[in-house]
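Scroll down for the structure; my scribbles are underneath it.
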Amino acid sequence: MSGSGGGVGSGAGGSPNNTEWRFNQTLRNVQGMLKGRSFPGKVLLTRRSEPLSPPDYSPRFESENDEYEHKEGSQEGEGQAPGNSFDSASAKKSNILSTSSSNSLPDAQGLVSGARATDSARIDKFTKELSRPAVILDNLRELSWSGVPPYMQPNVWRLLLGYAPPNKDRREGVLTRKRLEYVECVSQYYDIPDSERSDEEITMLRQIAVDCPRTVPDVTFFQNPQIQKSLERILYTWAIRHPASGYVQGINDLVTPFLVVFLSEHLEGNMDSWSMDNLSAQDISNIEADCYWCLSKFLDGMQDHYTFAQPGIQRLVFRLKELVRRIDEPVSKHIEEQGLEFLQFAFRWFNCLLIREIPFHLVTRLWDTYLAEGDYLPDFLVYISASFLLTWSDKLQKLDFQEMVMFLQHLPTRTWAHLAS
């Protein structure tokens, strides 16, 4: 089936218990993002590989209106063009706007007032959830999948990753203890002379020192020497504490969303105007600690992505290849005929979790969804990578080997923004 339709098999129908139907719903929403209309809104995620029985499958809607909008979204899955219908409740504080299912945009005044109303409603829901004596993580995940208000991201991310406990009374004590533990680790492993390191550790530290200046090179703030030193401490300490993988190039990229989010608790305004001089030594230590522990939690479920030969990533590349073969045979056949291996372009996508493929100012929004996915993130990465290929399927089929390599390594995403055009 051609990628332009984005469907998986004609027999999927509209049953929410059908795995392929749920994939279609995810794919359509992700394609909407890739076509510049919006980031993914609320969709049905493939949470398990086996079909779910009706009693188990009971998605919670954010309001009675949301349930009505969900039913409209189900109709989209039965035949509309991909990406044309989105849940209007997914417009949020981070200026992510939905496209009308009728393909006719409302007037600007109506759009703004609608977005403000949605912003307020979403913030109220997050506030209510975060004010509970014990946060219900399933509820928080469902809210977060469609985007977290930026000023709430630090607290929400700590909770979603299990770094901060759901119980409010325990939270401050746990964070204090973990931040002190990080300081002790840095003292034990990083703040020592090279004479106390093995040759392997010295080589690893040197590689990290080389990679830090290369991290997000197009964002000026990351060229700050203090930021690069913080990044070096986090990466080296993580690598020493995770000897099964050690440091692997690409992990440096994965720290950057955490750095931005946790720095935003202390620095106001646009990242371009941030100054490390406005932070105390204690602030920097706490930010580093939060980044370290969140990175550790985040990678716990993906350890084999970064062990020797990176089998986890190899597995995702294989799954992507098989998925594209099933849902877009023409582009799959063209890629094969040109002698292009999926590993040649998709390895970086999975290794860096697409951070290098989209503008950096959109990364933390995408990571809201990543963290909401939890253990099912690898499945989502396969889906969103397939969406990249399906979105540009027609163009790819006109390119030869070298042109495809260049295109897939430099995707035309630089103009992407939060606002729908």
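The values are calculated or read from the model by the stated rules, or taken from the named source; none is laboratory data. It should be emphasised that the depicted structure is a prediction, and the values quoted were computed from it without experimental measurement. Glycine gets a Cβ as well: all are built from the backbone with ideal geometry, and neighbour counts include every protein chain shown. What goes into the accessible areas is simple: the full protein's heavy atoms, side chains included, and nothing from ligands, DNA or RNA. Shrake-Rupley method; radii C 1.70, N 1.55, O 1.52, S 1.80 Å.
The figures follow:
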read-out	value
Output for region 189-206, where each listed residue is in a helix (DSSP H, G or I) and open to solvent by 70 Å² or more (accessible area, probe 1.4 Å)	D194, S195, E196, D199, E200, T203, R206
Condition met for A372 (surrounded by 15 or more Cβ atoms within 10 Å (Cβ to Cβ), within 19 Å of Q314 (Cβ to Cβ), at pLDDT 95 or above and under 19 Å from the mean Cα position of the chain (by Cα))	no
The listed residue being in contact with a Lys or Arg (Cβ under 7 Å, 6 or more places away or on another chain), surrounded by 14 or more Cβ atoms within 10 Å (Cβ to Cβ), under 18 Å from N286 (Cβ atoms) and aliphatic (A, V, I, L, M), out of V186, V174, V156	V186
Residue within region 165-174 that is modelled with pLDDT of 95 or more, in a loop (DSSP other than H, G, I, E, B) and under 25 Å from D375 (Cα atoms) present	yes
Residue within region 294-305 that is hydrophobic (A, V, I, L, M, F, W, C), open to solvent by 30 Å² or more (accessible area, probe 1.4 Å), modelled with pLDDT under 95 and closer than 18 Å to N252 by Cα present	no
Subset of region 320-347 (residues that are basic (K, R) and buried (at least 17 other Cβ atoms within 10 Å of the Cβ))	K321
Test: residue in region 303-325 that is closer than 24 Å to A417 by Cβ and not hydroxyl-bearing (S, T, Y)	no
Residues satisfying the stated conditions in region 293-341, i.e. polar (S, T, N, Q) and over 15 Å from S385 (Cα atoms)	S296, Q303, T307, Q310, Q338
Lone unmet requirement of (1) of a type outside the set (D, E); (2) open to solvent by 50 Å² or more (accessible area, probe 1.4 Å); (3) out of contact with any strand residue (DSSP E or B) (no Cβ under 8 Å at 6 or more places or on another chain) for K168	(3)
Qualifying residue in region 378-399 (condition: surrounded by fewer than 17 Cβ atoms within 10 Å (Cβ to Cβ), among the aliphatic types (A, V, I, L, M) and assigned to a helix (DSSP H, G or I))	no
Failed item, numbered, when F126 is tested on (1) in a helix (DSSP H, G or I); (2) surrounded by fewer than 17 Cβ atoms within 10 Å (Cβ to Cβ)	(2)
Total residues in region 400-421, condition crowded, with 16+ Cβ neighbours inside 10 Å, part of a loop (DSSP other than H, G, I, E, B) and at pLDDT 95 or above	0
The one condition in (1) surrounded by fewer than 20 Cβ atoms within 10 Å (Cβ to Cβ); (2) in contact with a Leu (Cβ under 8 Å, 6 or more places away or on another chain); (3) at pLDDT 95 or above that I358 fails to fulfil	(3)
Inter-residue pairs, beta-carbon under 7 Å, first within 21 Å of L371 (Cβ to Cβ) and in region 233-256, second assigned to a helix (DSSP H, G or I) and polar (S, T, N, Q), 6+ apart	L235/N252; W238/S296; S245/Q303; G250/N351
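Conditions tested, residue by residue: (1) assigned to a helix (DSSP H, G or I); (2) open to solvent by 10 Å² or more (accessible area, probe 1.4 Å); (3) over 19 Å from V363 (Cα atoms).
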{"position": "D218", "(1), (2), (3)": "no, yes, no"}
{"position": "Q226", "(1), (2), (3)": "yes, yes, yes"}
{"position": "E232", "(1), (2), (3)": "yes, yes, yes"}
{"position": "A244", "(1), (2), (3)": "no, yes, yes"}
{"position": "Q249", "(1), (2), (3)": "no, yes, no"}
{"position": "V255", "(1), (2), (3)": "yes, no, no"}
{"position": "L259", "(1), (2), (3)": "yes, no, no"}
{"position": "D277", "(1), (2), (3)": "yes, yes, yes"}
